[in-house]
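Scroll down for the structure; my scribbles are underneath it.
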Amino acid sequence: MDNRILYFECFSGISGDMTVSALIDLGADVDVLMKGLNSLNVSGYKIEIGRRDKCGINASKFDVILESEHSHSHEHSHSHEHNHSQHHHHHEHRNINDIFEIIDKGDISDNAKNIAKNIFMEVAKAEAKAHNKPLEMVHFHEVGAVDSIVDIVGTAICIDNLGVNRFCFSHICEGTGYVKCQHGILPVPVPAVMNIFENSNLIMKITDNEGEMITPTGAGIGSALCNEKELPKSFKILKTGIGSGKKDFKNANILRVMLIEDSEDKKEEIVMIETNIDDSTPEAISYTMDLLFENGARDVFFTPIYMKKNRPAVMLSVLVYENLVSKLSDIIFENLTTIGIRKYKVERDIMDREVKTFNSSLGECSIKICRRKDMVYCYPEFDDVKKISKENGISFDECMNTIKYECKKALF
């Protein structure tokens, strides 16, 4: 397991623009971000990336300016224009399928697409509950608007670019009072935010600040990403990114995201989900396995078994963090014929692991490097080895052993 964690310190709440700006400040590649956003079939906006001070703290900013808005900012920044469209797309009402189509057609990685979809789904379910409508019947105003699409997809691109898959969130501060939305004046926290927190492991803390500090987009980001219940007891801070919001509160309206390195012994508690299946098709079983991995399963495997009346069957086993148990259970019930699932906690010892790109004498290959005490193991990526062995006209084993040897030699 990668021992790096992104820790979100949300003492001024969280929003989409604060998240993207913090991740840029942390080191996410702006060129990769803009290339991905430019590939979306969305226009009618421009982006301003720069710096601003909040209560004396210098922070990054990522502002999405819609065509209908007039920016009077005189701060030093550089803008990326997207005004080529003659239509004001931010007035369109999009449902979740429309948004997923935009994401799928974008020139971004599959991992970034999945992250963006998961965030949007968290917000979509919350909006559906707030309006008491089926998911596909909810037409988003704030969430489906251009700025939220850019913020959420931008967050996904930055997360993917940073290459971290463990996320921890502090308690998230919220204000009081009311906020003006498409449907009128709503109390803070707004219903969508309340619904997201109700179905997540996120912790809210109400402050005496007047106004909204947690947006539905920000809450959706936290709910979709958070997979660590608490910080390690000891860790090293590798880097800190500071993002800013547009509003001003008595405290600095910033989001700090820290890249930390877990220094604890690698033991973790995880949940095993199991169910026996004797009447689902092989196609349904294969499809479900892919879905489970896409939605956060740490491992998925099948074991041949015999059930009552000596029927051949398989047992599905899924290792998953506790906060995703309900989500993955729903996937199993929706796609397989089982009517019952077993769940129990297990503890596992794990090695430190990281994925790096290694330039071997045969070609470039992704390598998983695992460490425990004085032991180091190198595991080349199967698909890369297969491709390289064909390109070099050598056997798979020869290619695998050569890359392993060169990688380990390079480490010492």
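The values are calculated or read from the model by the stated rules, or taken from the named source; none is laboratory data. Quantities reported herein were computed from a predicted structural model and do not represent experimental measurements. Cβ: placed from backbone, ideal geometry, glycine included. Neighbour counts: every protein chain shown. Note: areas computed on protein heavy atoms with side chains; ligands, DNA, RNA excluded. Shrake-Rupley method; radii C 1.70, N 1.55, O 1.52, S 1.80 Å.
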Quickly work out the residue 135-to-residue 238 label distance, labels modelled 7 Å from Cα along the C-beta direction, and quote it in nm with one decimal. 3.3 nm
Residue-normalised accessible area of the chain, given per residue in Å² at a 1.4 Å probe: 51 Å²
Determine the order of 122, 283, 67, 398 by accessible area, beginning with the largest, at a probe radius of 1.4 Å. 283, 398, 67, 122
Based on DSSP, what percent of beta bridges with both residues in the stretch 117-236 are antiparallel, to the nearest 5? 45 percent
Within the under-13-Å Cβ sphere about residue 133, not counting residue 133, Lys/Arg +1 and Asp/Glu -1 give a net charge of 0
Per 0.36 nm of contour for each residue apart, how much would the distance between residue 32 and residue 270 grow if the chain were fully extended, relative to their Cα-Cα spacing? 82.3 nm
So, with a 1.4 angstrom probe, what is the percent of accessible area on the chain that is carbon and sulfur? 49 percent
Taking the Cα centroid of the stretch 279-326 and of the stretch 141-207, what is the distance between the two, rounded to the nearest whole Å? 32 Å
Any cysteines in the chain with zero other Cys Cβ atoms under 4.7 Å from their Cβ? List them, or say none. 10, 55, 158, 168, 173, 181, 226, 365, 370, 399
Compute the label zone of residue 309 within the stretch 267-295: residues whose backbone N is under 16 Å from the point 7 Å along Cα-to-Cβ. 277-280
Expected 222 nm ellipticity per residue - DSSP helices of 4 or more, -39500 (n - 2.57), all of the chain, to 500: -10500 deg cm²/dmol
Quick one: how many Å² of residue 287 are accessible to a 1.4 Å probe, rounded to 10? 120 Å²
In whole Hz, the Karplus estimates of ³J(HN,Hα) for the stretch 301-313 (6.51, -1.76, 1.60; θ = phi - 60°; x where Gly or Pro) are 8, 10, 10, x, 9, 10, 9, 4, 6, 6, 7, x, 7
